[in-house]
Ligand code: ADP
């Protein structure tokens, strides 16, 4: 169980999260929604431990993330977020960051699932190409490298920004297939942008100005007739579902 307890986080004077509580139960999908600037990315990055909360705690199996080594943490938590966290090293090393013992066959298999193997193989140095030196990848390609990394890590917990995963519109259908595979049997926190993800989530959390204002399943939140129900009805009256869009 991953537990977020009373978490507060500020960027300088800007308070991004105020006393957030959230539990991710094993094998469930939690959809995080809310307007731009409500704190969704901040919450996701704290769980991926890009930084620590100023107040409160985030724990995994009862142990504070601050007391878990980075290798253990990356065995347990994989992420596909706005910042693909690529390093100035070979593509092979970038994909195997969380699984340093992986063989090239395993790395290629993950890259194939993430729809990036063909592109890598077309580079003169293939998987040995050093990012930033031998090649530079587009935003969508970088995201697919980070998806390959998450596929290879095969961590039980996955923190993902759906918009980031679909940065590359051209490959939307293929990325959807990769994600379906990636999500199977995992504990997922998804910054959700697609209606189907939200409606089918085990738990929907609506963030507003750094606070979770509603949580429950789609049906529970419709019954509540609050913020979520309002957003959903607006969606039904429009052609696109755009919540939390940047
Ligand atoms: P969301 O993902 O819901 O759009 P964010 O977590 O990105 O929300 O942002 C929450 C708040 O924190 C916003 O007010 C935003 O302007 C601020 N913020 C986010 N990132 C930074 C940053 N790197 N520096 C300063 N303020 C930031």
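A short reminder: the numbers here are calculations on the coordinates, not readings from a lab. Everything quoted here is computed from the prediction, not taken from an experiment. Note: ideal-geometry Cβ built from the backbone for every residue, glycine included; neighbour counts use all protein chains shown.
So if the hydrodynamic radius of segment 110-175 is defined as the Kirkwood radius over C-alpha pairs, what does Stokes-Einstein give as its diffusion coefficient at 37 °C and 0.692 mPa s, in µm² per second? Spell out each step's value before the answer.
Details: Rh = 12.4 Å.
After rounding, the answer is 264 µm²/s.
Top mean-square fluctuation among 68, 58, 95, Gaussian network model of the chain, C-alpha springs under 10 Å?
Checking each option, the largest mean-square fluctuation is seen for 68.
Given Cα pairs under 8 Å that are at least 6 residues apart, what percent is the relative contact order of segment 102-189? Intermediate results must be reported in sequence, preceding the final value.
Working: 76 pairs, mean separation 29.3, N = 88.
The normalised contact order for segment 102-189 reaches 33 percent.
Contact order normalised by length for segment 1-142, with contacts defined as Cα pairs under 8 Å and 6 or more residues apart; what percent is it?
Once normalised by length, the contact order is 19 percent.
Taking a point 7 angstrom from the Cα of residue 172 along the C-beta vector, which residues in segment 216-239 have backbone N less than 15 Å away?
The answer is 239, whose backbone nitrogens lie closer than 15 Å to the label point.
Would you calculate, for the chain, the mean residue ellipticity at 222 nm contributed by helices, counting each DSSP H stretch of 4 or more residues as -39,500 (n - 2.57) and dividing by all residues, to the nearest 500?
Details: 11 runs with 89 residues, N = 246.
-10000 deg cm²/dmol, from helical runs alone.
Under 10 Å, Cα contacts only: if you run a Gaussian network model on the chain, which one of 29, 87, 191 comes out with the highest mean-square fluctuation?
The residue that fluctuates most here is 87.
Report the full-extension gain for the segment residue 70 to residue 112: residue separation times 0.36 nm, less the Cα-Cα distance, to one decimal in nm. Walk me through the intermediate numbers first.
Details: separation 42, 0.36 × 42 = 15.12 nm, distance 2.65 nm.
Here the segment from residue 70 to residue 112 would lengthen by 12.5 nm.
Rounded if a/c is under 1.5, else prolate if a/b beats b/c, else oblate: with a ≥ b ≥ c from the C-alpha gyration tensor eigenvalues square-rooted, which is segment 154-224? Walk me through the intermediate numbers first.
Numbers: a/c = 1.90, a/b = 1.69, b/c = 1.12.
Prolate is the answer for segment 154-224, as a/c is 1.5 or above and a/b outweighs b/c.
Can you give the Rg/Rh ratio of segment 197-239, where Rg is from the C-alpha atoms and Rh is the Kirkwood radius? Don't skip to the end; give the middle numbers.
Numbers: Rg = 10.2 Å, Rh = 10.6 Å.
Taking Rh as the inverse mean 1/r over Cα pairs, Rg/Rh reads 0.96.
For segment 46-70 and segment 163-206, what is the separation of their Cα centres, given in Å?
Using only Cα atoms to place each centre, the spacing works out to 24 Å.
Give the relative contact order (percent, whole number) for the chain; include only Cα pairs under 8 Å separated by 6+ residues. Could the numbers behind the result be given before it?
Details: 455 pairs, mean separation 66.8, N = 246.
After rounding, I find 27 percent.
To check you understand DSSP bridge types, tell me what percent of the beta bridges within the chain (both residues inside) are antiparallel, rounded to 5. List each step's numbers first, then the result.
On the way: 20 of 38 bridges.
Of the beta bridges lying entirely in the chain, close to 55 percent run antiparallel.
To one decimal place, what Kirkwood hydrodynamic radius in Å is obtained for the chain from all pairs of distinct Cα atoms? It would help to have the intermediate numbers written out before the result.
Details: mean 1/r = 0.0537 Å⁻¹.
Computed over the chain, the radius equals 18.6 Å.
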